[in-house]
Amino acid sequence: MLGGLLFWLGLLPLGALAVLDTNLGNQTIERTISLRTHSIYAPYIDQDLQNRWWDFGADAYVNTNKHVRLTRNRPSQMGWLWSRIPLTAQNWIIEVEFKIHGDTAHLYGDGLAMWLTTTRTQPGPVFGSVDNFEGLGIFLDTYANTRHSYSFPRIVGMLGDGKTPYDQAGDGQKDSLGGCSANLRRTNVATKLRVSYVKDKLLSVKAQYRAWDDWVECFTIRDISLPSAPYLGFSAMTGDVSDNHDIISVTTYSAILSSPEKQRNKLLGTESVVASTFLWTLLKIVGVLAVLAGLFYAYKTYVLKQSVGRGFSDAFMGRGGGGMSAFYTDAKRF
């Protein structure tokens, strides 16, 4: 609840959510702007049982306290969740928390998909959405249709051109941008997917499923171009085997890059910054040593004065019957 409130206020730092920590040459992400139009949290809908920025349909339904469930753990289900307006940011970061789970640990499927495509809300055979799509599809595939050298569940990316069909029989291997095996189902931590894109330069896909804030790099593609204003969507499908496929939250940021000149100036100023830092540290050390020397000198002076004072007192008062006692004794003689 607090995280959602901070997000709407635009106060939640990117470091707590998503960081594109991939080398961009002479540019870095300088700041981010939260996009309410492409983010969704509980309770998901308003008092009219709708959402201003999102549509959901088919077998999908909303549990206002928990999730948008795309499919129940039943055979032959299909559901979707789509943004109503296209994503116009040139550079962006999307983080999705989801949950795939069911009763069995052996037979389950089929999985869910994340879409950034030119069309929306069109049901079809590719994880509940239309085939021959144009744009990016990222598939969280939990059921293998054929034998592979790698294990399932698996994350696979595909860049569709509007003409090429998804390789259903080969689980998307034929036209895959990249992929990785990831135990996304029935985990002990929140499962998340982070997709980062810098226009015409880089696409990065990471997943969290092993431990909190432990992001596993799935694949990174350079020199890639996506449609300029795609719709953001999610869909899921079950067949003879089934699972619950839930979307818990979607957080989208527009990423503002630093200018190449600013980054170059920053690099040129690194040496002077390091030198000034070293000089300041040296001055602080010298200052501390001077204070310690002053304290030591004051302490020695104090001890010396105390010693001199005691010597004078002993000489004047005497010890063992000398001093003033002897003076009074001698006085009685007169």
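The values are calculated or read from the model by the stated rules, or taken from the named source; none is laboratory data. Note that the structure is a prediction, hence the values are computed from the model and not measured. Please note: Cβ atoms are built from the backbone with ideal geometry, for glycine as well, and neighbour counts cover all protein chains shown. Heavy atoms of the whole protein, side chains included, go into the accessibility calculation; ligands, DNA and RNA do not. Shrake-Rupley method; radii C 1.70, N 1.55, O 1.52, S 1.80 Å.
Annotations
Quick grid of which residues meet (1) farther than 28 Å from Asp213 by Cα; (2) modelled with pLDDT of 95 or more:
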| site | (1), (2) |
| --- | --- |
| Lys99 | no, yes |
| Gly102 | no, no |
| Leu112 | no, yes |
| Ser149 | yes, no |
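- Subset of segment 206-225 (residues that are under 25 Å from Ile33 (Cβ atoms), surrounded by fewer than 20 Cβ atoms within 10 Å (Cβ to Cβ) and in contact (Cβ under 8 Å) with a residue 40 or more places away in the chain): Thr220, Ile221, Ile224
- Matching residues in segment 242-269 - criterion: being farther than 19 Å from Ile45 by Cβ, aliphatic (A, V, I, L, M) and either modelled with pLDDT of 95 or more or open to solvent by less than 20 Å² (accessible area, probe 1.4 Å) (or both): Ala255
- Extreme residue, nearest to Ser254 (Cα to Cα), among residues of segment 43-96 that are part of a strand (DSSP E or B) and open to solvent by 60 Å² or more (accessible area, probe 1.4 Å): Phe56
- Residues that are within 22 Å of the chain's Cα centre (by Cα) and either charged (D, E, K, R) or at pLDDT below 95 (or both), drawn from segment 45-88: Lys66
- Restricting segment 169-191 to residues that are basic (Lys, Arg) and open to solvent by 50 Å² or more (accessible area, probe 1.4 Å), the residue that is farthest from Trp92 (Cα to Cα): Arg186
- In the set (1) without any contact (Cβ under 8 Å) to a residue 24 or more places away in the chain; (2) farther than 24 Å from Ser204 by Cα; (3) hydrophobic (A, V, I, L, M, F, W, C), Leu107 fails one condition alone, (1).
- Residue identified as at pLDDT 85 or above, open to solvent by less than 60 Å² (accessible area, probe 1.4 Å) and of a type outside the set (D, E, K, R) among Gly318, Gly239: Gly239
- Condition met for Asp103 (out of contact with any helix residue (DSSP H, G or I) (no Cβ under 9 Å at 6 or more places or on another chain) and assigned to a loop (DSSP other than H, G, I, E, B)): yes
- Residue check, Arg194 in contact with a strand residue (DSSP E or B) (Cβ under 8 Å, 6 or more places away or on another chain), surrounded by 19 or more Cβ atoms within 10 Å (Cβ to Cβ), closer than 22 Å to Val62 by Cα and touching a residue at least 12 places away in the same chain (Cβ under 8 Å): no
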